Amino acid sequence: MDSKAVSWLNGFIGVAIFAGSLPATRVAVLGMDPFFLTGARAVLAALLAAIWLLIGRVARPQRSDLLPLAVVGFGVVLGFPLLTALALQYITSAHSIVYVALLPLCTALFGVVLAGERHKPVFWVCSVLGCLLVMAYAAREGLDAAWQGDLYMLAAVVVCGLGYAEGGRLSRRLGGWQVICWALVLSLPFMFVLMLWFWPQSFSSVNTAAWLGFGYVSVFSMFLGFVFWYRGLAHGGIAAVGQLQLLQPFMGLGLAAALLGESVNASMIWVTLGAALCVAGARRFAS
C-alpha cells in the first residue's frame with residue numbers, strides 16, 4: 001500500500017472513530033454537566049497521553065511549538081467538546097451531526113491560511129458541493145432545533161476546523177500522535193481545574209449509558225481518533241484528507257440510529273453516496 005493510500009486509510013479510521021463522538025456525548029450529557037464532562041474527558045485522555053509519551057520516550061516540543069499546540073488544545077481539547085456538549089442540551093444528536101458536514105470546508109480554509117496549501121478550482125467546487133449536499137439533506141428532513149444549539153454547533157465547527165488544520169500542519173514535523181498527546185498534556189492543568197470546579201455533588205443520577213458515553217469520548221474521541229486523524233492529515237494533506245469528514249455525518253447518523261433509536265431512511269443512503277463522490281472528486285484534484 002502506497003503512502004497516499006495509507007494516509008487516506010488513517011484519515012478514514014479517524015473519521016470513523018469521531019463519528020461516534022456526538023451520539024456518545026449526547027448520551028453522556030444527559031447525566032453530566034457539560035463543563036464537567038469536557039474537563040473530565042480531557043483529564044482522562046491527558047493521563048493516557050502522558051503514559052504514551054513516557055513509554056515512547058518522546059522529546060519535549062520546542063518552545064516555538066507551544067503556541068501551535070495551544071491552538072490545537074483550544075480547538076479540539078476545549079472548544080469542540082465543550083461547545084458540542086452545550087449544543088446537545090438543546091438539539092438532538094442527528095441535528096448536531098449535520099453540522100459536521102461543514103468541517104471539511106472549514107478545515108480546508110484554515111489549511112490554506114495556516115499551511116499555505118493551494119488547490120485547483122475543481123477541488124473547491126467538489127468541497128462546496130459536498131457541504132451543500134449534506135445541508136440540503138438536513139433541510140429536506142426538516143430538522144427543528146433551538147437556535148442556541150445551532151449557534152453552539154456553528155462555533156464548534158469553526159474552532160474544530162482550526163484545531164484540525166493546525167494539528168495537521170504541526171504533525172508534519174512532530175508526528176500525528178505526538179501532537180495530540182502534547183496538546184492534551186499542556187491542556188491538563190486548565191482542564192483539571194475545570195473538572196474540579198464543576199465536580200457534581202453526587203453521581204447518583206449518572207447511569208451506565210452516560211458512563212459508557214463518557215468513556216468513549218475520553219479514550220476514543222479525544223485520544224485514539226486523533227492519532228489516526230493527524231497522521232492522515234500530515235501525510236495526505238490537510239484539505240485533501242479533510243474531505244473524508246463529509247462521510248462522518250452519515251456514519252454518525254447510523255450510530256445515532258443504533259444507540260438512540262433514531263430512524264434511518266433511504267435518502268440518507270443516497271446522500272451518503274453523493275458525499276462519497278464529492279470526496280473522491282476532491283481527492284482527485286487536491287494538491
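The values are calculated or read from the model by the stated rules, or taken from the named source; none is laboratory data. These figures come from a predicted structure and were not determined experimentally. Methodologically, a virtual Cβ is constructed for each residue, glycine included, from the backbone with ideal geometry; neighbour enumeration extends over all protein chains shown. Heavy atoms of the whole protein, side chains included, go into the accessibility calculation; ligands, DNA and RNA do not. Shrake-Rupley method; radii C 1.70, N 1.55, O 1.52, S 1.80 Å.
Just to verify a result, which residue in region 24-45, among those that are surrounded by fewer than 18 Cβ atoms within 10 Å (Cβ to Cβ) and not charged (D, E, K, R), is farthest from Phe198 (Cα to Cα)? Break it down into steps so the answer makes sense when it comes.
In the first step, residues of region 24-45 are kept if they are surrounded by fewer than 18 Cβ atoms within 10 Å (Cβ to Cβ); the result is 30, 33, 35.
Checking the rest, the ones that are also not charged (D, E, K, R) come to 30, 35.
Working: Leu30: 15, Phe35: 6 Å.
Of everything passing the filter in region 24-45, Leu30 is farthest from Phe198 (Cα to Cα).
With the requirement that a residue be at pLDDT below 85 and under 15 Å from Gly242 (Cβ atoms), what does region 146-164 give you?
Across region 146-164, the qualifying residue is only Tyr164.
Tell me whether region 134-141 contains one or more residues that are aromatic (Phe, Trp, Tyr), modelled with pLDDT under 75, in contact with a helix residue (DSSP H, G or I) (Cβ under 8 Å, 6 or more places away or on another chain) and under 28 Å from Gly274 (Cβ atoms). Even if it seems obvious, please write down each step before you answer.
Keep residues of region 134-141 that are aromatic (Phe, Trp, Tyr), which gives 137.
From what's left, modelled with pLDDT under 75: 137.
Checking the rest, the ones that are also in contact with a helix residue (DSSP H, G or I) (Cβ under 8 Å, 6 or more places away or on another chain) come to 137.
Right, trim to under 28 Å from Gly274 (Cβ atoms) and you get 137.
There is at least one residue in region 134-141 that is aromatic (Phe, Trp, Tyr), modelled with pLDDT under 75, in contact with a helix residue (DSSP H, G or I) (Cβ under 8 Å, 6 or more places away or on another chain) and under 28 Å from Gly274 (Cβ atoms).
Take the conditions within 13 Å of Cys160 (Cβ to Cβ) and either in a loop (DSSP other than H, G, I, E, B) or not hydrophobic (A, V, I, L, M, F, W, C) (or both) and apply them to Gly39. Does it pass?
Numbers: within 13 Å of Cys160 (Cβ to Cβ): no; either in a loop (DSSP other than H, G, I, E, B) or not hydrophobic (A, V, I, L, M, F, W, C) (or both): yes.
Against the criterion (within 13 Å of Cys160 (Cβ to Cβ) and either in a loop (DSSP other than H, G, I, E, B) or not hydrophobic (A, V, I, L, M, F, W, C) (or both)), Gly39 does not qualify.
Could you figure out which of (1) at pLDDT below 85; (2) open to solvent by 70 Å² or more (accessible area, probe 1.4 Å); (3) out of contact with any Gly (no Cβ under 9 Å at 6 or more places or on another chain) isn't true of Pro189?
Among (1) at pLDDT below 85; (2) open to solvent by 70 Å² or more (accessible area, probe 1.4 Å); (3) out of contact with any Gly (no Cβ under 9 Å at 6 or more places or on another chain), the lone unmet condition for Pro189 is (1).
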